[in-house]
Amino acid sequence: MSMIQLHGLYHPKSVPGPRVLMISPDIHISSLSNPHADLPPGIHLFAQLIVEDLIINETMAVTSETDQNWTLTFTCDLPEDTTAFCITILGIARCSRLLGSVKITRDEAFLHAEQQKSFSAPLAKVNSDGPTLNFSTLFSGAAPADQISLDEDENMGTPIGSLDRDTIACQDGNRGMLLNQLGEICLEQSQQFHVLDMFNRGVCAYLDAIREGFTETTTFAHLGITLFQISEETGEVGDLADAISAMEKAVQGTADTDTDKPSWLANLGGFHVRQFERVGNLDDLNSAISIGEQGMHLAAEGHDDWPIILNNLSTALHLRFQQQGDPKDLSRSLQMGEQAVKITADEDPNKLARLSNLGDRYLTLFELEGQADDLEKSIHFATTSVDLASDDEHMNEEAVLLTLDGQPAKPKRLSALAVSLLTRFEIYGGLSDLDESVERAEQAVQLTGDENPSKPLRMDDLAGSLLRRFERLGNREDIDQSISNLDQALSLLPESNKPFILNSLSNSLLLRFKQQGDVADLERAFSVQESAVNLASDGHHDKPSLVFNFGNISATFFNHSQMQDHLAHAIIQYTAAALSKTGPVDIQFDSAAAWAQCATVSQHPSLLDAYNRAIQLLPQLAWLGISIPDRHHQLLKAGKVVRDAAAAAIMSGHSERAVEWLEEGRSIIWGQILKLRTPLDTLKEVHPELAERLLNLSSELQQSGMQTGDLTTQGSTLKQPLIIEHSHQKAQEREKLIQKILVLLNISGSNCDALVLRPAVGGVLHVPLLTVQPGLPHTLVQSLDTVVRGVERLKGKPEGHQDADQKLGKILSDLWVNVVKPVLNALNIQPRKSELGRIWWCPTGGLAFLPIHAAGLYGKHDTFGSKLSDFLISSYTPSLTALMESFRPSSTSPKPTQLLSVAQASVAGMAYLPGTEQEIKHIHQLAQGSITIMSLNKDKATATRVEQGMLECRWAHFACHGEQNLSHPTDSALLLASGTSLTLSRIIQLALPDAEFAFLSACQTATGEKSLEEEAVHLAAGMLLAGYRGVIATMWKIRDDDAPQVAHDVYEYLFSRSPPDATEAAVALHKAIQKLRESPNQSLSRWVPFIHVGH
């Protein structure tokens, strides 16, 4: 086996000697293989003179003068006693590689010199499939001159990585093996010293070994590792793609029983992760996860690389969660990350990297669920990994298997810590966190060399922290440093890797313009973002984000200049981002909304197209995969867009389309608030023809080809009869419904409208509410808050409290004059003393928090016909779909109807409710002979028993405390025995198909979360969505003596019918409230909070 020599170049001494042979200054090399993969465009060739296996001289490397012809220049004198010498030709592309050689004897050279003939010969090929090269030069004799001394006492040798040329060039079976060995040495040395040229030499050696037929799986695997290392050093995506290809061949050639296969799979998965980060193709993430799972299946837990397998799969799952928002991916990522940390020994140099990764996962979990403990864990893990790492930690990387763990660790961990601290600042506002975020990011940048491809990204992180501090404190130095860092980051990147740093730069420039007003910043931001868009590949997942930001800059330019060209350009960019087939859905949605806003300003004909695109995107918004604050922000944004879309449709004369958009939007928004989806096809499944007639989609809409979501039924037409089913029972349900009225109240940024649906008449009646200004609902909600804030169920408040009644009366008067009376006038409905009809209100925006059912004039001199209750009996519904579901046929179960009564007067930390016992006593007395009661009181009323009772009983009555969670609406709950509670999310999960009626005689059971400013998310609506057809609840706290009285009167009316009919609950409540209003010393705040939801 040939010795591999790893010494420096030999520099021979000159000593006096005899006559020598001289080689002409010019050596000519021409290729007879054109083109050839070994001779890529731009390749440099050079020659080496070898005597007795030592490199005596070497030419400069040159490029081709003409097509595949090279002239190499050097003059070399050979001693007279030299019997033979060798000239080798090498090419430099990735590294220097031997292409061919020619062996010449002294006699042969002198013969050509004496004849003054050019010496020409083909080069011996190194590889059988290598290029055919021809060598030519002139030889001449010379007078006595200095002789080249080959003193063996000197430090002789060949360049690092070079082999004995004769051995390397031989065509026997050993050459492939020797080249593979050379690759192994190069890989080991390069991982130890991080010399890029050594990486490249290793690649060349492995490739040549493979060409020689040496195709062991380890050769492909280590070739892939070496190429990946080069890609990490240079950022070149081509090397990364080649690394994946090589590692795939290693995997394919390795048996499942081979213990190396899980290791190769772990690396291959890591390579795909890195390619996703570079290119943005989601297929890479899916491949990484599939490959990682295969590795887990093949590897036992004791496998040496088990922690690496877990860590890389955790990383891929985490990234996919960030892109697609599936909480299951995050859960698995966190689980595997924790396991990887747990089984990694403390002395393992990768332990700290895995701790840092685990901190990343906890940060994401915090962003998803909002739990402070998760944020603290994130910062703890990040801080620990930084504090325990040394600045020279990169010297301790794993030597052979390069995985995602094997990066210079401390800068990466500092950067991760900076991000976590910035997040904590965003949540809690602590300036110390923001300052430390900047400090840690600066340290990460300082510890990262310019040659490291991660440095621009760390400079981007630093720029982001500086930008945020500028926004908070207004220090000009921070924004200037942010821009300076980004400019420097760009100088370190090739053009193909610049788009997203350019995007950050344009954001900083735009902010500085907004703060300082220098138009030069705005102009540069436009130019920079234009470059970012042009450089980004069309298929990149995040390109729509760049296009969206370009639109924002154009819109800002329009606001500054009022030039229509800038507005038109913004519309073009927003349209492109909104209609993109790739990219984050929230960016597409934001783009559609911005498109609509610009179209509104310019009266662009694409306005409805813009809103239609936004509505189409609603079902895809992955709100369950983003942070709690962001989810609420998305809900607020989506609700506004839906309302504005409906307003635009109304203004364009398309009321039916407005109803369609409102219903689709509200169903999706409600589904997201409650962590479920309520698709509109529920409406089709239950009442297909009714849905068709109710929404009355015109033939014009059908012919326009506009997508109508799930609201239409194929094959149905407007001329079809309104038939639910052919049974008599269904016909009765239809007759009940068509006598009713449903009113959608839509409020947008520009106007307020009522859309009235009357199934008996068909079509949609548009009632403009001209006196409702956009800010009125918000003003009324604030006023209502002042009325009810101090009201407590136990203590109540003084009878006839004039101040509270005056404020509440003013609210109810404003609702009557501005909202309710215009609707009644449009319907030409007259007041009646008895047999009142029904009306359902479906309010949006701030109107969802107001007592519309109680609208009216309540002064001493106001007469009959000045209140809504004089005309109709009111109910509420969160959506059309929910209302239609409540009109489903009654249960056909043979089991007798039962009523579940739950009483829990005493709960830790809450006031005692003395009226509950009397309330339940009334129900038991009234139910005798009408309905069977399952009673759960005091200690028996645990959440588990109550859930079981709800499954068994069609009716339910709750006399207990209720609690509204404004931060997490689905955690709103009924407070029960033994510290248990029945949350809104759990109620919805129960799925009660036979449920009919629920009475929530508890505090805050119909209180909405006003912070969302869109939907009144409350327990009553949750009961409706869980399956109850009708629900009585309260909007705020009620008096102890009122609760038993209202419950008594409601059940007295219901149980007077045989059998009791739950669909009469709204009528029963109406009569009970009338009686309460007639009681002595009555006040508005006593009866107004009672509402009915559903059928």
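Tabulated data for the structure shown
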| quantity | calculated |
| --- | --- |
| Share of carbon and sulfur in the accessible heavy-atom surface of the range 173-276 [1.4 Å probe, %] | 49 |
| Percent accessible area from carbon and sulfur atoms, the range 887-963, protein chains only, probe 1.4 Å | 49 |
| Accessible solvent surface per residue of the range 419-487, calculated while the other protein chains remain in place, 1.4 angstrom probe, Å² | 44 |
| Options ALA977, ALA941, GLN964, ranked by Cα towards positive dipole end of the range 939-988, top entry (Cβ charges) | ALA941 |
| Dipole in debye (nearest 20) - the range 937-995, about Cα centre, beta carbon charges: Lys, Arg +1; Asp, Glu -1 | 120 |
| Cα centroid of the range 516-581 to Cα centroid of the range 871-924, whole Å | 54 |
| Under Karplus coefficients 6.51, -1.76 and 1.60, residue-wise ³J(HN,Hα) of the range 580-589 in Hz, glycine/proline x | 4, 8, 10, x, x, 5, 5, 5, 4, 5 |
| Average accessible surface area per residue within the range 857-922, 1.4 Å rolling probe, Å² | 43 |
| Entries of LYS377/LYS514; LYS261/LYS410; LYS410/LYS543; LYS410/LYS498; LYS740/LYS895 with Cα pairs more than 27 Å apart | LYS377/LYS514; LYS261/LYS410; LYS410/LYS543; LYS740/LYS895 |
| Mean Cβ neighbour count within 10 Å, used as a protection proxy, ranking 260-266, 781-787 highest first | 260-266, 781-787 |
| Listed residues PRO896, ALA848, ILE920: farthest to the positive end of the dipole of the range 819-943 (Cβ charges) | PRO896 |
| Mean accessible surface per residue for the range 266-321, computed with a 1.4 Å probe while every protein chain stays in place, in Å² | 33 |
| The range 299-347, accessible surface, carbon-and-sulfur percent (1.4 angstrom probe) | 45 |
| Only Lys, Arg (+1) and Asp, Glu (-1) charged, at Cβ; the range 931-971 dipole about Cα centre in debye | 180 |
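The values are calculated or read from the model by the stated rules, or taken from the named source; none is laboratory data. Note that the structure is predicted; figures quoted are calculated from it, not measured. For neighbour counting, all protein chains shown are included, and Cβ atoms are generated from backbone atoms with ideal geometry for every residue, glycine included. The protein model used for the area step is the full one, side chains on, heavy atoms only, and it has no ligands, DNA or RNA in it. Shrake-Rupley method; radii C 1.70, N 1.55, O 1.52, S 1.80 Å.
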